[in-house]
Amino acid sequence: MQIELKDNIKRRNRTNGRFRYLIIAGAAVTVIPIFLIVGNLALKGYRQINIAFFTEPAPDTFQAMTAASSGEIIPGGIANGLTGSLLMVLAASLLAIPLGLMTGIYLYENREKRYAGIIRSLTEILQGVPSIILGIIAYIWVVKNITRGYSALAGSVALTIMMLPLIIRSTEETMLMIPTTIREAAFALGVPYYKMIYKILIPVSFSGLATGVLLALSRILGETAPLMLTALGSPSISFDITKPVSAVPLLIWDFYNDPNMVNLVWSASLFLMVFVLSMNLLSRRIASKRKYI
Amino acid sequence: MSDTLNSEPVIKIENLFIAYEPGHYAVNDVSAVIKRNSITAIMGPSGCGKSTLLRALNRLHELYPDIETKGEILLDGQSIFSMSVIDLRRKVGMVFQRPNPFPNMTIYENVVAGFSLNDIRLKKSQRDEIVENALKSVTLWDEVKEFLYRKGTFLSGGQQQRLCVARAIAFNPEVLLLDEPTSALDPVATSKIEDLLVELKKQYTLVLVTHNMSQAARISDESMFMYLGELVEAGRTETLFTNPKDKRTEAYLTGKFG
């Protein structure tokens, strides 16, 4: 039996063509917001970005109002947010990187074990916990019981919990790509277990581990909600981990709440966006440069 | 070759059982001797337990706690299970099926990896000497001396495998275990490795797992034929190939299975 295919093919080609355009349009729609966001922030925020923006703490309402009403640049900057973010991210990294690496290595080394399976599931659940809840937890643990008041430490703990699942997962996944024969080669030379880990596994998977850590960092840099309940914010530059500090995203929230400081919202957002973006690019660079596996 | 006839055994395997899961023996009651300064080929079809047997000789199975080993293996009369793993593995080096130089290390670092990874401190001059000697023994020196500080993974597969042999012999072991060392290599690289092995048996005792019968016939002095975990037959390679005693050996050699 002969089936007439001619019309069918024409129609198919048409559908094919339409579908292609649909996909291209979809892709365009997805990337347009990114350009709009960066463009918008750059246009509105560039004027406020100068040296003082990085070296001076946020202005008070009165200073901002005076400047805004006379059409001048708002004095002050985000230095208190920068130092606060730096302090908290540093403390969170000190906790989360070793802990996350160790857990990730444990999961990789004991893939089949029941206990590892439980840890893995819990890690995945932890990743899905809304960040505001982590803030509440850190509030109860640290603010209520340890520092007895809002503190950078409490913020760091919340950020640590956010970083952990990201680092654990990327560590395990990176290590899974290392052929077992590389490990066996080390063992066949009589290398003890712990040395195989820190002299072979970690260096070989270094780029993957660094990528995971950088992505986790860029993830927590923009985190605001848990910090509201923990670090609270502070108008001055402070490096005391037991006292409240500000953070860049917290400042953005503060600026937003003060009609006189609207312009600073744009600049601070622009800075945060560019910073996080460059971290992402950096992590890609590292990933491609020191790739062994 | 006649000198190997009467040579003393380096390794004695006595009633060795190895099970990956309880009751299922991948190596079933194997007893054998490995003679000094010879190449002993372990042959057999896939899954016959030849790699499993080989990996018992440097206690590599201990990495996997589920694997159960029973029986005795003596190295120079001493039980390997009573030695420290590090000592044992310094005396019994290993080369794997696929070339596996450490990807984070240079060619130079790979050769001395056995020392550096075990925190054995050497002077620069000692290290230089070890690297040069080991690479010369594996006939890689002339090919790589210009770029010792490039990553080991930059070499071709055959060169990488010779680098792995160099890494194993840098420790100056007594025994070298080779787990199908040419199965991932092309014929040219394979013949280089084979020449190398014949050269190396002057200094070391070699145990070679191979699924390639002609390779066993070409370079080995002694052969073992394994089937379903059992050591079916062992003896001089010539005898085993020309006049096999067991029907299963004969069937394998004539290509009836495997």
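Just so it is clear, none of the values below were taken in a lab; they were calculated from the coordinates. What you see is a predicted model; the values in this text were computed from it and never measured. Positions of Cβ are backbone-derived with ideal geometry, glycine not excepted, and every protein chain shown enters the neighbour counts.
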**Request:** List every residue pair whose Cβ atoms lie under 9 Å apart, where the two residues are 6 or more positions apart in sequence or sit on different chains, the first residue falls within region B:239-252 and is among the basic types (Lys, Arg), and the second residue, located anywhere, is part of a helix (DSSP H, G or I).
**Result:** B:245/B:239
**Item:** Elements of type helices (runs of 4 or more DSSP H) contained in region B:16-116, each with 1 or more residues being of a type in the set (Gly, Ala, Ser)
**Value:** B:50-56, B:113-116
**Complete:** Among the residues of region A:177-217, the number that are over 26 Å from residue B:173 (Cα atoms) and either of a type in the set (Val, Ile, Thr) or facing chain B (nearest Cβ under 7 Å) (or both) is 6
**Asked** Given (1) touching a Pro at 6+ places or on another chain (Cβ under 7 Å); (2) surrounded by fewer than 16 Cβ atoms within 10 Å (Cβ to Cβ); (3) not basic (Lys, Arg), where does residue B:34 come up short, assuming only one miss?
**Response** (2)
**Asked** In region A:133-230, which helices (runs of 4 or more DSSP H) lie fully inside it and hold 1 or more residues that are within 27 Å of residue B:106 (Cβ to Cβ)?
**Response** A:152-176, A:180-188, A:193-196, A:206-221
**Item:** Every residue from region A:226-261 that is within 21 Å of residue A:37 (Cα to Cα) and either touching a residue at least 12 places away in the same chain (Cβ under 8 Å) or within 17 Å of the chain's Cα centre (by Cα) (or both)
**Value:** A:248, A:249, A:250, A:251, A:252, A:253, A:254, A:255, A:261
**Request:** Starting from region B:85-99, take each residue that is under 16 Å from residue A:183 (Cβ atoms) and more than 7 Å from chain A (Cβ to nearest Cβ) and list its partners that are of a type in the set (A, V, I, L, M, F, W, C) and surrounded by 20 or more Cβ atoms within 10 Å (Cβ to Cβ), counting only C-beta distances under 6 angstrom and pairs at least six apart or across chains.
**Result:** B:95/B:164; B:95/B:165; B:95/B:168; B:95/B:178; B:99/B:164
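Going residue by residue through region B:132-143, is there one that turns out to be in contact with a Pro (Cβ under 9 Å, 6 or more places away or on another chain), under 21 Å from residue A:184 (Cβ atoms) and either part of a helix (DSSP H, G or I) or hydroxyl-bearing (Ser, Thr, Tyr) (or both)?
Restricting attention to region B:132-143, the residues satisfying the condition of being in contact with a Pro (Cβ under 9 Å, 6 or more places away or on another chain) are none.
No, that holds for no residue.
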**Prompt:** Which condition number does residue B:107 fail, the rest of (1) in contact with a strand residue (DSSP E or B) (Cβ under 9 Å, 6 or more places away or on another chain); (2) within 13 Å of chain A (Cβ to nearest Cβ) being met?
**Reply:** (2)
**Complete:** Per the list (1) away from chain B (no Cβ under 14 Å); (2) surrounded by fewer than 18 Cβ atoms within 10 Å (Cβ to Cβ); (3) of a type in the set (Ser, Thr, Tyr); (4) closer than 24 Å to residue B:63 by Cα, residue check on residue A:224 breaks on (4)
